[in-house]
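The values are calculated or read from the model by the stated rules, or taken from the named source; none is laboratory data. Only a predicted model underlies this, so the values are computations on that prediction, with no experimental measurement involved. Positions of Cβ are backbone-derived with ideal geometry, glycine not excepted, and every protein chain shown enters the neighbour counts. Side chains are part of the model used for accessible areas, which takes the heavy atoms of the whole protein and leaves out ligands, DNA and RNA. Shrake-Rupley method; radii C 1.70, N 1.55, O 1.52, S 1.80 Å.
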Amino acid sequence: MAGITAVVLAGVLAAPATASTTGPTGRSITANVSTTGLSAYSGIERVSDDDGSNPAATQAALDAWTPEAMLAAVPADEAPQSAQSTQSTQSAQGAATAKSTAPQALWRSQPKPSTTGRPAAGAPSGPLTVTSAGSAKAPAPATAVTGRLRSNVASTPTTGLPTVGALFFDVGPVHERCTGTVINTGSRNVVATAGHCLWNKLVSWLPATVMPTPVFVPGYHDGQSPYGKWSVKTRYYASSWRNNLNPDYDYGFIVLNDSNGKRVQDVVGANAWRTDAGSANQVEITGYPDNRDQPLQCFTSTSKYANYASQLVFPCDNFHTGVSGSLLMQNFGASDPTTGTAIASLGGYQEGGNTDNVSYAVLWNSSTAALINSAITGQ
């Protein structure tokens, strides 16, 4: 069965996406965006997904993610052809299984992170109308979270946070997922995740390509979608990530369509965000490891990894593959029990790490802010 999956993937994804063209599954991809309203930005990759012109097709795509399909999803940063063998080993090895269960270890082909912090070729740039944002509470009372910052690094199963969810998508016959989080923007419809959840090598012998269009399920747990399922309008990631998987730009942003006439931020609330937070931080992280049906929450401390300017390292137990795209939150619970201030994306070096108890993240900076602003402007 694993061999069949690889053959299917070869047929679906053999052709790489190119600038200003149509991707392997029919989505429009524009490099260094020059469309109306975005001409001032460079280093931006924009993927057009569902423009809402076919409501029946949109609903069918959302309905396809039944509880059974969501429960069967494997992480997007795991090789699809090894998914079934990984699922069988998980039951035997549990949380001790290493993050890098995929045999090809795609992060090995990445360039080294920058030690200077200077923007790389293809780094996002443009007008920074918004450089930070406070949190936005959901209109309805949110479920309280009992965690507090503490010195240990244990992670705790939770029934989820309203603003944090799973991103589900199909790669051939395989259900996959990443983690996404709603951040506060004027458009009220932006979700942050990892760049490798949007553009990546799915199999070592195929070129990197745009990932299939995901569905966002905020508050997901145990096959449930307590805040509904949301379709994706567009996706944004850095040209410097697309061109060579530069680990300093392993972040991306998703613009969601409205659901029942509402923006996602109006339903679940949103997290504050900021750039240039520095390397030493006390943070909260909630993500979706593939070996559990509930998200894990961790309160921990970050530090600078080696001498890399934008790479953070932190301990959190049992952060298995699938937590990619989780956000590191300062001041969690300060203004609302379920939100904080995002400062970094889990990913980057080794695409987030190859062991379960030590992870890496990309610190947000002015390039990140430019990418967020382009998503708000370009929608």
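Kirkwood hydrodynamic radius, segment 254-299, all distinct C-alpha pairs: what's the number in Å? List each step's numbers first, then the result.
Numbers: mean 1/r = 0.0717 Å⁻¹.
One decimal place: 14.0 Å for the Kirkwood radius.
On the principal axes of its alpha carbon atoms, segment 321-379 extends 37, 28, 18 Å, with the longest extent given first. Residue ranges 52-61, 333-342 sort as 333-342, 52-61 when ordered by packing (mean number of other C-beta atoms within 10 Å per residue, highest first).
Using the beta-carbon distance between ASP317 and LEU128 and R0 = 45 Å, what value does 1/(1 + (r/R0)^6) give for FRET efficiency, to the nearest 0.05? Please list the in-between numbers first.
On the way: r = 37 Å, r/R0 = 0.82.
Working from the Cβ atoms, E equals 0.75.
Counting 0.36 nm for each residue step from THR159 to SER366 and taking away their Cα separation leaves a gain of 71.2 nm.
How big is D for segment 229-377, in µm² s⁻¹ as a whole number, if Stokes-Einstein is applied with the Kirkwood radius of its Cα pairs at 25 °C and 0.890 mPa s?
Values: Rh = 15.9 Å.
It comes out at roughly 154 µm²/s.
How much length is gained if the chain between ALA306 and ASP276 is pulled fully straight, taking 0.36 nm per residue apart and subtracting their Cα-Cα distance, in nm to one decimal? Present the calculation step by step, with values, prior to reporting the outcome.
On the way: separation 30, 0.36 × 30 = 10.80 nm, distance 1.76 nm.
Value of the extension gain: 9.0 nm.
What part of the accessible area of segment 243-298, given as a whole %, is carbon or sulfur when the probe is 1.4 angstrom?
Result for segment 243-298: 32 percent of the exposed heavy-atom area is carbon or sulfur.
Amide H to amide H distances under 5 Å link ASP356 with LYS99, where only residues 5 or more positions off or on other chains count and H is placed in the peptide plane.
A 1.4 Å probe run over the protein chains yields, for segment 219-364, 26 Å² of accessible area per residue, whole-number rounding.
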